[in-house]
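The values are calculated or read from the model by the stated rules, or taken from the named source; none is laboratory data. If you're wondering where the values come from, they're calculated on a predicted model, not measured in any experiment. A quick note on method: Cβ atoms are made from the backbone with ideal geometry, for glycine too, and the neighbour counts reach across all protein chains shown. In case anyone asks, the SASA skips ligands and DNA or RNA and just uses the protein heavy atoms, side chains included. Shrake-Rupley method; radii C 1.70, N 1.55, O 1.52, S 1.80 Å.
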Amino acid sequence: MTTDSLRSGPGANGRTSGDRARLPVREHLPACGPAAASGVPVLDVVVPVYNEEKDLRPCVLRLHDHLSRTFPYAFRITVADNASTDSTPAVAAALAAELCGVRYVRLEEKGRGRALRTVWSESDAPVLAYMDVDLSTDLNALLPLVAPLISGHSDLAIGSRLARSARVVRGSKREFISRAYNLILRSSLAAGFSDAQCGFKAVRSEVAERLLPMVEDSGWFFDTELLVLAERAGLRIHEVPVDWIDDPDSTVHIVRTATEDLKGVWRVGRALAVGALPLDRLARPFGDDPRDRALTGVERGLARQLVGFCVVGVLSTLFYLALYSLFRLGVGPQLANGGALLVSAVANTAANRRLTFGVRGRDGAVRHQAQGLVVFAIGLALTSGSLAALGAATGSPSHSTELAVLITANLAATVLRFLLLRAWVFPARACPEPEPEPDSDSEDVR
């Protein structure tokens, strides 16, 4: 199955892309129901492998035994072979023939992301997971990983080696690379999850159906991209602290993998910055987010918007003062103030549009900037008037006095700016009432 076919073809449940406009409310998956009676597993655990003839059999035997003893739902283990050239295919086929609930899928191209995309897209299980073949993560974390997805509490779940209560044994080199990479994700993509690269993740199938066509990477950056898009879309990601022991025989090429990951960070960051990703198709599509309900007497989003506006305002003010000081070296105070305020106003409107009021994409950007310039004109009148009054009162004020007056004037203009931005430039859009879900036996499993 190719990436193009995933973007345009039917999903795992046979629905075409046109049917994906609405997804059902997350519900608890029953242990005994129509799916269980028909032999459909609740959980499908994918183990992607490439030339793992040595580790594959003990891994699958241990995983199968653990699930058989501890997992209360029907399960399946899928070995996804990424074009192995050793005896891995023979080992996987033998395991599938020997153990109930184990299957083998062969791919003719390498790539962990490609393997997960292919198997997850074709799986009929409502909860999809994957783990590395070395089983570095203790299996006791598997049930806590998928439980929030089965209960309907979360959309995705990840194992975290960087959580406070995680217990990890690994070398200083891998520790440094892991923490540095996650720091890059937090600083460049504003990622809120703590560990992007732990090979221990799960996702609900209806979420995967929406996300997979948007994920471009087919290698090691695949799950990082999946998590970033899910988080930006407002989906809930559950983190499980894990016990993890480094595999000294790991075949992962650290430098090459890190290089490809950084390229992926740049690509995704650029796409998010220009609004190229249709995240509006993902944002809270399940109809169970309390923020989507029409509530009377509750001021929605005010606290978050105030915090965002204050942060943007502080940065914009510092930017403005730096520009004013720079422009003041060559021109008079009025021209310096006007130029600094104009440049900072454009940056302020763009930042508030995206960060404070959550407007994505380019639709309406020109109109928003035009309205922002009107707000800028009001600020210019206040600050220019303050400078004129200062000049009339003192004749030749010092630079520090000018800055003090400008700061005071900007504080007065800030309150008015927030009110205008919130009520006029970026007014809250009324949320439509959710349509009732049609009664259908086909939706019981989901």
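Let me make sure I get this right: for segment 115-183, a, b and c are the square roots of the gyration tensor eigenvalues over alpha carbons, sorted descending. Under 1.5 in a/c it's rounded, otherwise prolate if a/b > b/c, else oblate. Which is it? Judged from the Cα gyration tensor, segment 115-183 comes out prolate (a/c at least 1.5, a/b above b/c). Protection proxy ranking, highest mean first, for peptides 42-48, 258-264: 42-48, 258-264, where packing is the per-residue count of other beta-carbon atoms within 10 Å, averaged. Once C-alpha pairs closer than 8 Å and six or more residues apart are averaged by separation and normalised to the residue number of segment 95-183, the relative contact order reads 13 percent.
Across segment 143-223, C-alpha contacts under 8 Å between residues 6 or more apart give a mean separation that, scaled by the residue count, equals a relative contact order of 37 percent. Ignoring ligands and nucleic acids, what accessible area does Asp243 show with a 1.4 Å probe (Å², nearest 10)? Surface open to solvent at Asp243 totals about 50 Å².
If you take all C-alpha pairs in segment 35-117, what percent of them are over 20 Å apart?
Details: 1072 of 3403 pairs.
Every Cα pair in segment 35-117 considered, those over 20 Å come to 32 percent.
Across the protein chains, with a 1.4 Å probe defining accessible surface, the residues Ser205, Ser400 rank Ser400, Ser205 from largest area downward.
Of the solvent-accessible surface of segment 108-178, computed with a 1.4 Å probe over protein heavy atoms with every protein chain present, carbon and sulfur atoms account for 51 percent.
For His28, the solvent-accessible surface with a 1.4 Å probe is about 110 Å², rounded to the nearest 10.
Hey, can you find the accessible area per residue of segment 78-196 for me, probe 1.4 Å, expressed in square angstrom?
Working: 4690 Å² over 119 residues.
The answer is 39 Å² per residue.
Classification of segment 63-163 by its C-alpha gyration tensor yields a prolate form. The axis ratio a/c (a ≥ b ≥ c) is 1.5 or more, and a/b outweighs b/c.
Going by accessible surface with a 1.4 Å probe and the largest first, Ile245, Ile184 read Ile245, Ile184. With a 1.4 Å probe rolled over the protein heavy atoms of all chains, the accessible area of Cys100, Cys59 falls in the order Cys100, Cys59, largest first.
Report relative contact order for segment 299-379 in percent, whole number only (criteria: Cα-Cα under 8 Å, sequence separation at least 6). Present the calculation step by step, with values, prior to reporting the outcome.
On the way: 52 pairs, mean separation 27.2, N = 81.
About 34 percent, as a whole number.
Here's the list of lysines a cross-link from Lys173 could span, going by alpha-carbon distance under 25 Å and ignoring same-chain residues fewer than 8 apart: Lys201, Lys263.
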